[in-house]
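Worksheet for the structure shown next.
Readers should treat all values here as calculations from the given coordinates under stated rules, not as data from a laboratory. Given the structure is predicted, the values throughout are model-derived calculations rather than measurements. Reconstructed Cβ throughout: ideal geometry from the backbone, glycine too, with neighbour counts over all protein chains shown.
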Amino acid sequence: MKTLFKFILNLIPRPLLIKLSYIAQPILVLFLRGSRYTDPIDGKQFRKFLPYGYENPRGNVLSPSTLSLERHRLLWLYLKNETDFFTASKKILHFAPEQAFYKRFKNIKHFDYVTTDLNSPIATVKADICNLPFESNSFDVILCNHVLEHILDDTKAMQELFRVLRPRGMGIFQIPQDLKLEKTFEDHSINDKKERAKIFGQYDHVRIYGRDYFQKLRTIGFEVNEVDYTAALSDQEIDRYRLAKGEIIPVVYKPIS
């Protein structure tokens, strides 16, 4: 099963993969239903989740119903339990909107919800993250998850995120991160897709972020909270929701000054 998923993920372009997933999703929900694991985003239960990963697929991590991964479910629990995200009126900018969130956020009436990406078929505004078509201080919340590792000039991208976020606004900038690395590793001379997948974990990634990621956000001007929300959960909850223990949620704020 893992080998099949690895083949599909590397063969099919991402925009087409998103469209095909809508067709396969109802079938997977019926086939895998059970009571062992729970997707906290929609509350549905399954006997197991699906594998996911480009180079080294992880077993039992992709929810059949929402197509969420560990990071999506962890973020949902954090936003629901620890913030006013779902209860207060907000103008939200969502980069490369994940299917697990897109329809749910779009249907919340007190959200002014804007989605953007260069390639996603479900994004409403086609834009380059390094040159955003939005006025400064425009958004209360910015969700930019697993995007920056694709961007060659991530400094410019971070500066644009800072520019369009309102003072006191909150951003969630999740990235694939190796906390054992002190410094981020990148080598822009690596252009071969197979080599990139081998080194960076995915063919369209250009770096592996280390612990210095948080300090880089601070140098841009953000206040940064390194949130390990799994520390607030029991081992039973971490297993039931299929979370990655110790994963850090980078929660950033734009100071008033």
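At a glance:
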item	result
Three-way shape label, the stretch 139-254, alpha-carbon gyration tensor, a/c 1.5	oblate
Candidate lysines for bridging to residue 156, where Cα separation is under 16 Å - those fewer than 8 sequence places away on the same chain excluded	216
The stretch 164-222, dipole about Cα centre (Lys/Arg Cβ +1, Asp/Glu Cβ -1), debye to the nearest 20	280
Shape call, the stretch 56-136: gyration tensor on alpha carbons, a/c limit 1.5	oblate
Proportion of all alpha-carbon pairs of the stretch 82-201 beyond 23 Å (%)	36
The stretch 205-257: C-alpha gyration tensor shape, a/c 1.5 cut-off, then a/b vs b/c	oblate
Equivalent ellipsoid dimensions for the stretch 138-206 as semi-axes, Å, which come from the Cα gyration tensor, largest first	27, 12, 10
Inverse of mean 1/r across different Cα pairs in the chain, Kirkwood, Å	19.1
D_trans [Stokes-Einstein, Kirkwood Rh over alpha-carbon pairs] for the stretch 34-86, 25 °C, 0.890 mPa s, µm² s⁻¹	210
